[in-house]
Amino acid sequence: LVDELFTDLAGLEEDGPTVAETDAPFMVLDDLPPQFALQYTVLFVRRLTVTAVTMTGRLTQPHFGGPSCVAEELLLKFLLAQAEVTADLYELLSDEVETALQVFADGVFEDLDHDWLYTPTADGVAKGTVQDWFIPFGDERYVHPYAANDDGDDVESLD
């Protein structure tokens, strides 16, 4: 997942400025809710990549605690899908493995609100901004400071 995000970032840096304004194929970004594609900028992908690195690091710890923000929910959804595809590719996707993945998914997500992001709006315009995806669910949740910057931050101030 992280390598794919780095690949997407390099492609967007070359072809950008947004996913909606390029014909380049993306490994992860093409799976994000399409109505937000104009908001998928280089800075957004950098923030998403940092979030993926942070989340996967926490995922290896004994007490993961679940996703900290909407961006992590989406990334974890992608990671679980990749795990299932990889297990299937190597003929390891037994009923037990499939059940384990489903039990984990059922327990790790507090809700499935992130799935509503894929519901098309009547006018085709995205409601909300992708910046909202990096807001922690609560004070006890951690989002990396680079990803949690506010709307006033720009690329130069984060470099």
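Note: relative contact order over the chain, using C-alpha pairs below 8 Å and six or more positions apart, is 28 percent. For the chain, a Gaussian network of Cα nodes joined below 10 Å ranks V19, V108, V143 by mean-square fluctuation, and the top entry is V108. Taking each DSSP H run with n ≥ 4 as -39500 (n - 2.57) and averaging over every residue of the chain yields -14000 deg cm²/dmol at 222 nm.
Magnitude of the charge dipole for the range 1-61, about its Cα centre and with charges confined to Cβ atoms of Lys, Arg (+1) and Asp, Glu (-1), is about 460 debye.
Computed over the chain, the range of Cα coordinates on each principal axis works out to 46, 37, 35 Å, biggest value leading. In loop segments of the range 70-147 as defined by DSSP, the GluC sites (Glu not before Pro) with at most 14 further C-beta atoms inside 10 Å of their C-beta are E91, E110, E140.
Only the coordinates and a few stated rules stand behind these numbers; no lab work does. Keep in mind the model is a prediction, meaning the values are calculated, not measured. When we count neighbours, we look across all protein chains shown, and the Cβ atoms used for this are built from the backbone with ideal geometry, even at glycine.
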